[in-house]
Structure formats: C-alpha cells, structure tokens
Amino acid sequence: MADMVLDQVTKRYPDGTLAVDKLSLNIADGEFVILVGPSGCGKSTTLNMLAGLEDITEGELRIGGKVVNDESPKDRDIAMVFQSYALYPHMTVRENMGFALKLAKTPKAVINEKVNNAAQSLGLTDLLDRKPANLSGGQQQRVAMGRAIVRNPAAFLMDEPLSNLDAKLRVQMRLEVSKLQKRLGATMVYVTHDQTEALTLGDRVAVLRGGVLQQAAAPQELYERPLNLFVAGFIGSPSMNFMSGTVDGGTLHTALGDMPVSGALRQELSKASREVIVGIRPENFQDPSLVSADARPHGITFHATIDVLESLGAEKYVYFNKDLGKTNYVTELEELARDAGRADSGATSETVVARLDPATRISEGDNTQLWADVRSLHVFDPATGRNLSVAAGTKASAAGHGAATPSAGQPTSGQTRSGTASQ
C-alpha cells in the first residue's frame, strides 16, 4: 500500500474550463478518503488524475513518495472500480476476476489461488462459473471489487460504485466496502455525491465545490465544525436551516428571537459586518416540555405554527414558516442551494425544519412553542461564507492550549466567494 499526495494539482481543459483548482490533499497509507460534492465539483476528475486517466495541467501527484504525473495508468499500481462495473459479458466471474493477472502472465496456479481467496472474502465462491448476465447488481459490483483485490495494488480508487444499486442494497454494500477496506488495510479513495455514504464510510471526507477543496476532515468534524457556509449547507440531512441575523453588541437578533453571545464568538462578531447568516441544525430544536432544567437556560423559546409533521418512529420532523429576513445576500443562499443540488437546503424558502423527540405531543396545525439550543448555533460572514463560530472556537482553543493547526488536508487559504473557505 502507499500514501498519496496531491500538491496544488490543477486540471484545465483546452477550452479553458477549470475543473480542479490548486487541490492539495495528503492521503495517508491505509486511509479511506471520500471525495464528495455536487455534480461538476471536480471529484471524478480528481480521481481520474490519480488513476492517470486525465493529465495534470499543473501541480504534482506523488504516490508512495514517487512523482507520477507522467506515469501511465498501468505503471501506477492502482486498481479502479467504476460505476458501470465494466465486466466482460462473455467471461465467467472467475475469468473476469483473474483477467488482469492473466494479462500480466501470472502463473495459473497463483491466479486461481488469488481469485479463490478474493471470492471467499466477498461471498462469491458459488458464483465463480456464472457470467455477469446471471448476476444481480450487488453481485456484479462485488465481482468488480474482486477483480481489483486480486491485483493487490498500492491503492484502490472507486468512482460512485454503488450508485446503480437500489437503496436497500446500497446500505448492504456500504457495509461490505467498509469491512473490505478495514480487512485489507488498503489506501482507498472513493468518490460519491451521496453524503450518507461519505459520512458513514470515510476516515476523512474532502468536500469540493467548483473544483476547489472546501474542507477535509473526519466526518463528525465536518458536521459539527463546518468551515464555511457551503460545507454547513451540504453536509447534513435534513440540511441546516439558514436565516438572517444582525449583531448588536452582545446580542444576535434573528427571526426566532434574540440570542446572547459572549466570549470568543462575541469578539469575532465584533469584527464582522452588522449583518450575518445564522445557521441551526434541525436536531438543535426541541419540544420545551422535554428540555431538562439544566439545558433550558442555554436556549431560547419561540412560537411557531406547525404546518407539517412527519413521524418516523424514532424521531419526528416538524416544518413551520418564519420570516427568515431575506436580505441582499439571499442570492448567495440560493447559489448554495443550486450548488448543493438539495431541495431541502433551507436556503430558498422560509420553511424551517426541526427534529423532535418522538415523545413530543405537538401535532400538525398546532400554534405552539419550540425551544432552540443556542450552544450549537453557527454564524457566517455573508461576504466570505466563513463560519465565525468555528473561527471563534479555534481561537479560544489556541489561547488555552497553544496554536491550533488545521486538520490534515484542509486548505489554509481559499477563494473569498461566498461559501468558499477563507481561512
């Protein structure tokens, strides 16, 4: 296995289209990294540059410490699993899995041993003599993975390998891929547009937008500490709710009510413009009657009329309308919604979604009270998209424990368009 380093890698097509812009990302030996983002963000192009299927315009790609910009795909010791499976229809499962080894003139006994071992680990032993037409989608995908495994490559590249499967089978195959990666201890780069796959599979997730790396971090850190407006809106389902806010001294005025701010966040807000974008995730709302006495002082209570209630057994979602204060930066939120490709982004309507405890007695049509936990509030600079809450937390941590450093692979600078990190 091997580590992979992308150093200021850029892909520009002859017509001038910039697909990937100065991407820097370190992928450790044995690490499982997910590339995620909306369509056209550059994630598949990045994977193709790693594989050698796309030329690199600028920058440097190193695999196992060796610069491979000019190496052909066959010389990079990388196995790729495609969305389409790419199996030979006239060959059996055994022949498909061993074909690359056969081309390399590997002894037949070695091919059989490697194919049998891979088939056993993937549950394909009883299918070795079948042809692809007689396999289900999930079985074909496992054959494609088996074909990659038998080569024992330095790294595995996977381009949306589960997107052709139905929802139930995708969940099953996610588990298979995760177990496979842990068992092999393999370096793996996996492209997906499905954030559920991204957050459940990867050791680290790299979020791209418009060819620019927005943030690369562990899944939980992405969710709890998004560096900018785009990452906050893209990660999470249902998406984060956004609304306008104004800063007045130590108070943040929002459509839900006035929220006190103090400490490092207050200092950070004092440097920002008076107008801000406020974000709050659905799970940070609750039925006031179910909030503990200890937690109650850390939030605000407000009135809302429940338009729709969805009961999912373990949780309930309620939807209500609020005047979210659309200001001159509403176009930035609409751009976020388009880029994220998300109908539930909360960016183009006045609908707020809250996820409540299933024990709530709140019903559809009620004019009731809801409680919002202000400790988990996110505040964004509308000019740059920067998350001021995270910046304040980082500075507070640095003051208490020494200088903080960004997570490995995170950009230290970026474009200042809304939604792009400017750190």
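The values are calculated or read from the model by the stated rules, or taken from the named source; none is laboratory data. All of these numbers come straight from a predicted model, not from anything done at the bench. Every residue, glycine among them, receives a Cβ derived from its backbone with ideal geometry; neighbour counts consider all protein chains shown.
Of all residues in segment 183-227, none satisfies the criterion of being in contact with a strand residue (DSSP E or B) (Cβ under 7 Å, 6 or more places away or on another chain), among the β-branched types (V, I, T) and without any contact (Cβ under 8 Å) to a residue 60 or more places away in the chain. Against the test of being β-branched (V, I, T), closer than 27 Å to T351 by Cβ, touching a Phe, Trp or Tyr at 6+ places or on another chain (Cβ under 6 Å) and in contact (Cβ under 8 Å) with a residue 12 or more places away in the chain, the options I280, I235 yield a single qualifying residue, I235. Residues that are out of contact with any strand residue (DSSP E or B) (no Cβ under 6 Å at 6 or more places or on another chain) and on the phi < 0 side of the Ramachandran plot within segment 361-376 comprise R361, S363, T368, R375, S376, listed in sequence order.
Looking across segment 29-52 at every residue that is surrounded by 15 or more Cβ atoms within 10 Å (Cβ to Cβ) and part of a loop (DSSP other than H, G, I, E, B), the one that is nearest to the chain's Cα centre (by Cα) is identified as G37. For L25, the test of being hydrophobic (A, V, I, L, M, F, W, C), buried (at least 19 other Cβ atoms within 10 Å of the Cβ), touching a Gly at 6+ places or on another chain (Cβ under 7 Å) and closer than 17 Å to T192 by Cβ is passed.
Scanning segment 71-87 for residues that are in a loop (DSSP other than H, G, I, E, B) and surrounded by 12 or more Cβ atoms within 10 Å (Cβ to Cβ) returns E71, R76, D77, F82, Q83, S84, Y85, A86, L87.
Where strands (runs of 3 or more DSSP E) sit wholly within segment 251-328, those with at least 3 residues that are over 25 Å from R386 (Cβ atoms) occupy 299-311, 316-321. Mind counting the residues in segment 150-188 that are assigned to a helix (DSSP H, G or I) and closer than 21 Å to A86 by Cβ? Going through segment 150-188 one residue at a time, the tally reaches 9. Within the option set F156, F99, F82, being over 16 Å from M188 (Cα atoms) and among the aromatic types (F, W, Y) holds for one residue only, F99.
A Cβ distance below 8 Å, combined with a sequence gap of six or more or placement on separate chains, defines the contacts here; from segment 34-49, residues that are assigned by TED's automatic domain parsing to the domain that holds A186 reach residues that are charged (D, E, K, R) and part of a loop (DSSP other than H, G, I, E, B) in the pairs V36/D194; S44/E160; T45/E54; N48/E54; M49/D55.
Look at (1) surrounded by 20 or more Cβ atoms within 10 Å (Cβ to Cβ); (2) part of a strand (DSSP E or B) and you find that Q8 fails only one, number (1). Only a single criterion out of (1) more than 33 Å from the chain's Cα centre (by Cα); (2) buried (at least 17 other Cβ atoms within 10 Å of the Cβ) is not satisfied by D129, namely (2). The set of residues from segment 164-199 being charged (D, E, K, R), modelled with pLDDT under 85 and loosely packed, with under 15 Cβ neighbours inside 10 Å comprises D166, K168, K179, R183. Just one of the numbered conditions (1) buried (at least 17 other Cβ atoms within 10 Å of the Cβ); (2) at negative phi is not true of G211: (2).
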